[in-house]
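Asker: Structure below; questions to follow.
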Amino acid sequence: METGKASYSAIVVASMRALEALRPTEERVCYDPFARSFLGDGTRTLGRNGIINRLIHWYLEYRAPGMQAGIAARTRYIDDIVANEAAKGIAQLVILGAGYDSRAWRIPQLKDVHVFEIDFPDTQKEKLAKIENLSESPIAQVSYVPIDFNTQSLSDVLREAGYSSEQKTLFLMEGLTMYLSADAVDENLAFIATNNASGSSVYFDYFMKSVMDGSCKLRESVALRKMKSFNEDGVEQFTYTIDEKAVPQFLAQRGFRLVEEMRGETLHQRYFLGKNAERYVHRVCGYVHAAISH
């Protein structure tokens, strides 16, 4: 993470959500009407020129096959988890590495939920400045909690912000684990597994080990391995993977049981219907919803 600047990956994800929001209503996989508000002056012009937008989509598919559709599908999948868990009675939603997440504004089921947005201080500072320009207020109560995941304890910063381990909670780690150390991932999961009420759960996604070690030959995997973040000269480095063949064991060793795991193929089957059937969702990540075992 480059000091003094908002997360580059947070900007990229917001841009992908903004692009999806520009699609016709019947073709949208997810809808985040706030995404464009978090972008810079240049990217806020998305949607004003159809030819430019088509060129953007073509370029994205060329440089990172399936990325835009993958982020849209991931967003929708998490939205569904959040809405379902809120309907089941969670009292808290903790978003680790929140970036420009807008779920506290756009998911009505969160109206009685306390949302904690946890992120690096520079990214959060930038987001808070842009929130001031929004005309809408969040549906949920939101607490903003700065943290450096690799050096600070999640337990300490959350408790100081008013988090209660006695309440049913959903944790989100969207697009986060791949940027953390193995110790940081395990420490965060250990806190979640041991400091929550029964019925609590976590969502996280991860880069597959086969993608990072080079044994996966899919075109998006090859493209990923050419990125600066993979080759140790980017601002935000890819540092962590999980063996996609051993996810249930990975979870059991850390105090969780698998609720559901999705891959690019299954996300496509669930969300890309009709006119969207031709869109390609990348196959480099796993998407996991897991419950605390106790």
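Throughout, read-outs are computed from the coordinates displayed, never taken from laboratory work. This structure is a prediction, so every number in the text was calculated from the model and none was measured. Note that we place each Cβ from the backbone using ideal geometry, even for glycine, and neighbour counts take in every protein chain shown.
Asker: Given the rule -39500 (n - 2.57) for each run of at least 4 DSSP H residues, summed and divided by the residues of the chain, what is its mean residue ellipticity at 222 nm, to the nearest 500 deg cm²/dmol?
Answerer: Here the helix-only value at 222 nm equals -10500 deg cm²/dmol.
Asker: Which aspartates and glutamates does Lys168 reach when only Cα atoms under 12 Å apart count, and residues fewer than 8 places away in its own chain are ignored?
Answerer: Glu85
Asker: What GluC sites (Glu not before Pro) in segment 185-294 are in a loop by DSSP, with at most 15 other Cβ atoms within 10 Å of the Cβ?
Answerer: Qualifying residues, ordered by number: Glu232.
Asker: How much space per residue, in cubic angstrom, does the convex hull of the C-alpha atoms of segment 122-190 take up?
Answerer: So the per-residue Cα hull volume is 121 Å³.
Asker: What does DSSP give for segment 8-292 in terms of the percent of beta bridges that are antiparallel, rounded to the nearest 5?
Answerer: Given both bridge residues lie in segment 8-292, the antiparallel proportion sits at roughly 40 percent.
Asker: Now a separate question. What helices in the chain pass both tests, a Cα length along the helix axis of 27 Å or more and a mean Kyte hydropathy of 0.5 or higher, using whole DSSP H runs?
Answerer: For the chain, where a helix must reach 27 Å along its axis and average at least 0.5, there are no hits.
Asker: Of all the Cα-Cα pairs you can form in the chain, what percent are over 26 Å apart?
Answerer: Considering the chain, 42 percent of its Cα-Cα pairs are separated by more than 26 Å.
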